[in-house]
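Structure first, then comments.
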Amino acid sequence: MDTHAGPSLRASGRDVRDGLIGLVATGVALLVAAWVLDGLSLSPWWTAFVVAAVMAVVDLLVRPALRALVRRAGAVTALLLGVVVQVAVVELALLAVPSAAVASLGATVATLVVVAVVSVVTRWLLGATDNTYLVANLIRRGERRRRRTPRTGADPGASPVGVVVVQVDGLPFPLLQHGIVSGVLPTLARWVRSGGHDAVRWWAQVPSTTPASQAALLHGTSDGIPAFRWYEKDTGRLLVANRPADAAVVEERLSDGRGLLADGGVSVSNIFSGDAPTAFMTMSRITGRGGLGPGRGYVGFFASPFVFPQALVRTVGEMVKELHQRRRQRLRGIEPRVRRRGAYVALRGLTNVLLRDLNVALVAEHMIAGVSVVFVDLVDYDEIAHHAGVARPEALAALAGVDGVLGTLEKVAAAAPREYRFVVLSDHGQSQGPTFRQLTGRGLEEAVREHTDAAGAATLVDTGDVEVWGPLNAMLAEVLSAVRPGAGRADGPPGSGGTGVVVGPQRGTPDTASGERPELVVVGSGNLGLVWFPGLPGRVPIEDLDRRFPALVPGLLSEPGVAFVVVDSARGPLVVGPDGVRVLLEGVVEGRDPLAGFGPRAAADLARVAVMGSCPDLYVHSTVDPRTDEVHAFEELVGCHGGLGGWQNDAVLVHPADWPLDADLLDRTVEGEALLYGADAVHRQLVRWLERCGARRAVPATPLHHP
């Protein structure tokens, strides 16, 4: 299958159909608005369709000027100007058509809202996609440009071509296979069945989390990232990777200036930038240069008639759907499950509608502009799977929505000025199970305090589901800093996460503004728990822990749901289980191997993270139920990732079939397997593909100088 073929008459006919659907939907919505609102008059009835056509024309005339206006402005300026322009477009269209009348500016705003609501329903009934208007307009713009300039890379074997890398956050390989055969993923199924793409599994090493994997995917290394969040004894700071200031600190440590996107690439909705010159909603760039990204990229989404209002309406609809689905899960007695309420309801609406639509708009905009490579992270599936379950109906529906995004971008690629190839990957998989708190009735921090006899100790605890708050943190950091100077600066106190704009749950965090350090730090990262004793220098070996807290290790290993702990010793890092010990660097097992049920790659994974300078004093790892492959998160999430067990290490790579995996990058240490082991290996493969297709400049290897 050629997913990057040029446009045809058939494609043009589809564009005309989509345009007519949009015109009909807007006209019908205007008729409903005139019937509902006293301040709007459209007589005769066909006036509504004339107004709809005039709005489309005014939009085409106004948007180029708006692009120029926000060329140097940021995302917040684009948002505010875009909303003003939408109201102005409706007002001008109503004033320009003699048979239309609007009583006031308030009536115009009300018209915009009513039309947005009705258009969502009408477009759904007519079978239009959520981004029909916006994408069709981009495709028309791309085709006009292509008529003026021949397409780059249109002939077989020509270069350079462009590459779109789509990260489907948290998608496990077994679920991809299920989605292909079940019909949940029709676009990916078509790509694979036609022979145009191959779908393979790669191993996401511990910690199987987004920051570790994405750092390696984009920058080639994840050194110093022991989990999703971690405490640093030398700075007294708790780093949380999806908080802008902390992401900036981590990227500064890892970047060598030649990340995956260094040569003209674009980063969209990622934690790290990959050294991309242009970045949108990228955590590491929020507090530094660029904010949420150049305002020009947001114009199509915020200023197109009804696109932004419709996204807001569908966001509310997603929230209502969440209320229904959580109630249905509770009434049916589905287990395991966690409470789904409060701010998560709004967060699901924002991430699964508003941010998804905005991501599509940004990627499509830059494909039409002909950039060399785009890397976008779609978090829809991962966030719903955390709360609803890995393969539950609502999670599969989110996955189907992501597949729809791929279909939309495929249409955009057909009109782009250069040939585009698609790579789809996940940063890790995801596992499921009842939480540690559900098993024991208390959290990990309470268990640690009990076994150290430190009930009154000042404890910094971060075991809430902060991962899902990342996109909202990014938006708030930029918006608040624009509205109230200094509000979004990353100058919070040590232990605060490093940013003055932090939302999401945090429990039991002591006041560290005075500079006093907590006596104990406990954080959760899926089914991997991390414990530090800040008052004890360096990494505390088990000999010291046993002397100071003799009940700690035996007590944790007696807890339901705890399989083993990883701790330093005079012989190097140990994996200690209830009935045996594994000396990681020696490969020696004394007694029963505590890693026996965790697969042949477990020891290598743990040996790598156990020697990191940022490693905790104690890793605590959950059990894996041999009957169900369920694990137990130390956060209140039914779906989780971070450690070993279940599907969380089985990540996805879907790549063009004529771009084979390089044999020298495949790990063959496990008999019967040959796969990319670790995100750094995937990075090296991506770099080679980009260099071969011309999307990235090849840098000659520095020759070795021998004395």
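The values are calculated or read from the model by the stated rules, or taken from the named source; none is laboratory data. This is a predicted model, so every value here is computed, not measured. With ideal geometry, Cβ positions are generated from the backbone for all residues, glycine too; neighbour counts draw on all protein chains shown.
Please count how many residues of the stretch 217-251 are over 15 Å from the mean Cα position of the chain (by Cα) and assigned to a helix (DSSP H, G or I).
Looking only at that region, the number is 7.
Six or more apart or on different chains, Cβ atoms under 7 Å: show the pairs whose first residue is in the stretch 585-599 and closer than 18 Å to PRO554 by Cα and whose second is part of a loop (DSSP other than H, G, I, E, B).
Close Cβ pairs satisfying both conditions: GLY591/ASP579; ARG592/GLY577; ARG592/ASP579; PRO594/GLY577.
For the stretch 60-106, how many residues meet the condition of being modelled with pLDDT of 75 or more and touching a Pro at 6+ places or on another chain (Cβ under 8 Å)?
Looking only at that region, the number is 4.
This table checks each residue for (1) over 25 Å from THR235 (Cβ atoms); (2) among the hydrophobic types (A, V, I, L, M, F, W, C); (3) under 35 Å from the mean Cα position of the chain (by Cα).
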site	(1), (2), (3)
LEU530	no, yes, yes
PHE533	no, yes, yes
PHE549	no, yes, no
PRO560	yes, no, yes
ASP568	no, no, yes
GLY580	yes, no, no
VAL583	yes, yes, no
ARG592	yes, no, no
LEU595	yes, yes, yes
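Do we find that ASP605 is closer than 22 Å to VAL200 by Cβ, in contact with a Gly (Cβ under 6 Å, 6 or more places away or on another chain) and assigned by TED's automatic domain parsing to the domain that holds ASP544 in this structure?
When the stated conditions are applied, ASP605 does not pass them.
In the stretch 404-427, which residues are over 25 Å from ARG337 (Cβ atoms) and not hydrophobic (A, V, I, L, M, F, W, C)?
GLY404, GLY407, THR408, GLU410, LYS411, PRO417, ARG418, GLU419, TYR420, ARG421
Search the stretch 270-298 for residues being outside any loop (DSSP other than H, G, I, E, B) and surrounded by fewer than 24 Cβ atoms within 10 Å (Cβ to Cβ), and hand back the single one that is modelled with the highest pLDDT.
THR278
Yes or no: ARG697 without any contact (Cβ under 8 Å) to a residue 40 or more places away in the chain, surrounded by fewer than 23 Cβ atoms within 10 Å (Cβ to Cβ) and of a type outside the set (Asp, Glu)?
It is false that ARG697 is without any contact (Cβ under 8 Å) to a residue 40 or more places away in the chain, surrounded by fewer than 23 Cβ atoms within 10 Å (Cβ to Cβ) and of a type outside the set (Asp, Glu).
So for the stretch 13-23 (the condition being farther than 22 Å from VAL85 by Cβ, modelled with pLDDT of 85 or more and assigned by TED's automatic domain parsing to the domain that holds ALA100), does at least one residue qualify?
No - not one qualifying residue is present in the stretch 13-23.
PRO660: farther than 15 Å from SER208 by Cβ and surrounded by fewer than 24 Cβ atoms within 10 Å (Cβ to Cβ), yes or no?
When the stated conditions are applied, PRO660 passes them.
Could you tell me whether any residue of the stretch 367-375 is under 21 Å from ILE271 (Cβ atoms) and in contact with a Lys or Arg (Cβ under 8 Å, 6 or more places away or on another chain)?
yes
If I filter the stretch 625-646 down to residues being out of contact with any Pro (no Cβ under 8 Å at 6 or more places or on another chain) and of a type in the set (D, E, K, R), which single residue comes out as surrounded by the fewest Cβ atoms within 10 Å (Cβ to Cβ)?
Filtering the stretch 625-646 for residues that are out of contact with any Pro (no Cβ under 8 Å at 6 or more places or on another chain) and of a type in the set (D, E, K, R), the one surrounded by the fewest Cβ atoms within 10 Å (Cβ to Cβ) comes out as ARG627.
Does any residue of the stretch 176-184 turn out to be touching a His at 6+ places or on another chain (Cβ under 8 Å), modelled with pLDDT of 95 or more and either within 18 Å of LEU425 (Cα to Cα) or not in a helix (DSSP H, G or I) (or both)?
yes
Suppose we filter ARG601, ARG592 for residues that are surrounded by fewer than 16 Cβ atoms within 10 Å (Cβ to Cβ) and within 23 Å of GLY646 (Cα to Cα); which single one remains?
ARG592
Report every pair of residues separated by at least 6 positions or lying on different chains whose Cβ atoms are under 7 Å apart, first residue within the stretch 177-199 and exposed (fewer than 15 other Cβ atoms within 10 Å of the Cβ), second assigned to a loop (DSSP other than H, G, I, E, B) and at pLDDT below 95.
SER194/MET1; GLY195/MET1
Can you tell me how many residues in the stretch 198-213 are touching a strand residue (DSSP E or B) at 6+ places or on another chain (Cβ under 7 Å) and in a helix (DSSP H, G or I)?
Summing the residues that are touching a strand residue (DSSP E or B) at 6+ places or on another chain (Cβ under 7 Å) and in a helix (DSSP H, G or I) in the stretch 198-213 gives 0.
In the stretch 354-367, how many residues are free of Cβ contacts under 8 Å to residues at least 60 places away in the same chain and of a type outside the set (Lys, Arg)?
Matching residues across the stretch 354-367 total 1.
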